[in-house]
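Throughout, read-outs are computed from the coordinates displayed, never taken from laboratory work. Everything numeric in this text was worked out from a predicted model, so none of it was measured. Cβ placement follows ideal geometry from the backbone for every residue including glycine, while neighbour counts extend to all protein chains displayed.
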Amino acid sequence: DSQSKYSDELNQNLSACKNEFLTLFGKNRPELISVCAPGRVNLIGEHVDYNDGFVLPMAIPLYTVIVGAEHPFDDNNNKNTLCRVRSLEASLGDKNYIEFDLNDLHKRDKSQNWTNYIIGVVANFEGTVEPFDAVIKSNVPLGSGLSSSAALEVAMYTFLENLTKQFSSKENKALRCQKAEHAYASVPCGIMDQFISSMGKENNALLIDCRSYESKLFPLNDPDISVLVINSNVNHQLEGSEYSSRRKQCEDVSRVIGKRSLRDVTMQDLENNKDRIDQESFRRAKHAITEIDRTIEASKALYANDIITFGKLMNQSHDSLRDDFNVSCAELDSLVEIARYSGGVLGSRMTGGGFGGCTVTLVKTSHVNEVIENVKKHYKGVASFYVCKPCEGAHRIQ
Ligand code: GAF
């Protein structure tokens, strides 16, 4: 079944990293450290983490794997400060081998973008980093809204923790990785992705309060209900500029209203200030305010096992992202429509930042194949499918 397919893939990627490590960096090495960090799918609560709102993601069994060890002493038996990292991801571009000095952790130019994720995490590690060599492989599809960047950052951080035996709290780990993304990848992301990649729990979604960082587990392990992730395999986002502008619009509205963030603004407040806010920003804020409420409602529904209400809220979330926040696209809308018209579907929406990437559909397990067949028949592009159970956050494997 699909779950054993995921663990097979994890094991294959782990072996591939180990083999490459031994080939590239030699055999006489200290203990090898192997870690993994998962991608995620967000069930509801989109574009609200940076508004201090609530999100409800789960970690999914697609992982970034890192295998590595301390960098060896040099020929004169001195310890140096060099790190070497090899990525087995062809999709990360042709610069798949990097070397950097721990004394020179400046941000690299854009053409070496994946390098920045690594160096950014090293620079933001809560402790002293030892020189190391490492190999990376990931099966979180890149730029698909499943949080491949956070998986890479959190995997790197987890590797450094195990290498140096200096462990951060899971919350600090997420915050440090987020800082790395802000400073080294120039994406002003919220905390959701790093948080769930670090804290994910098997069989549970996590309701995260993005203001207090408190989180609560919500069991999601009914075998009759499946979470189906569908990748549109398109990505229209231009370097995160749309993301930054949405974030700014939200912040501007709360400033005009005189509140700390949209978490503190009600629809009534927004209506009362209508004359002082341009129409587009009004719609952006309306999405965020209603989405925060929907996420709270959805978590209550999940707690009460009211999966019908949960699905309806997912549908409303998508419509709001499409019509008011304008972060969907034709491909995502089409996948959502096809799913909604299939039997057994409780709710379907885009997930993640948007402008391409994936949808998430809550569907009766008996109808998963029907949805997949309908998408294959009616979607104009070529979609990929993942049936996901919530899995554990980042951890050492060996
Ligand atoms: C991206 C960001 F990284 C998250 O912080 C979040 O804002 C998400 O888009 C939208 O909900 O994944």
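A few notes on this one:
- Projected area, mean over directions - the stretch 1-76, Cα convex hull, nm²: 8.2 nm²
- Each distinct pair of alpha carbons in the stretch 259-398 adds a 1/r term; the inverse of their mean, the Kirkwood radius, is 16.8 Å.
- Highest GNM mean-square fluctuation among Asn233, Asn78, Asn273, for the chain modelled with Cα contacts below 10 Å: Asn78.
- When +1 charges are put on Lys and Arg Cβ atoms and -1 charges on Asp and Glu Cβ atoms, the dipole computed for the stretch 169-319 relative to its Cα centre reaches about 480 debye.
- Relative packing of 313-324, 296-307, which averages over residues the other C-beta atoms within 10 Å, highest first: 313-324, 296-307
- Normalising by residue count, the chain has a Cα convex hull of 134 Å³ per residue.
- Rg/Rh for the stretch 321-373 stands at 0.99; both radii use Cα atoms, and Rh follows the Kirkwood definition.
- The lysines whose alpha-carbon is closer than 25 Å to the alpha-carbon of Lys248, local same-chain residues fewer than 8 away aside, are Lys107, Lys110, Lys179, Lys259, Lys274, Lys286.
- The eigenvalues of the Cα gyration tensor, multiplied by 5 and square-rooted, give the stretch 164-314 an equivalent ellipsoid with semi-axes of 28, 23, 17 Å from largest to smallest.
- Over the stretch 137-240, the reciprocal of the mean inverse Cα-Cα separation, the Kirkwood hydrodynamic radius, stands at 15.2 Å.
- Those lysines that a straight Cα-Cα span of less than 27 Å connects to Lys27, excepting residues fewer than 8 apart in one chain: Lys18, Lys79, Lys95, Lys137, Lys165
- Cα-based shape type of the stretch 99-165, given that a ≥ b ≥ c are square roots of the gyration tensor eigenvalues and the cut on a/c is 1.5: oblate
- Temperature 20 °C, viscosity 1.002 mPa s: under these conditions the Stokes-Einstein estimate for the stretch 82-199, based on its Kirkwood radius over C-alpha pairs, is 152 µm² per second.
- In the frame of its principal axes, the stretch 255-324 has Cα extents of 41, 23, 15 Å, reported largest first.
- Distance in nm between pseudo-label sites at Glu280 and Lys110 (7 Å out along the Cβ direction from Cα): 2.1 nm
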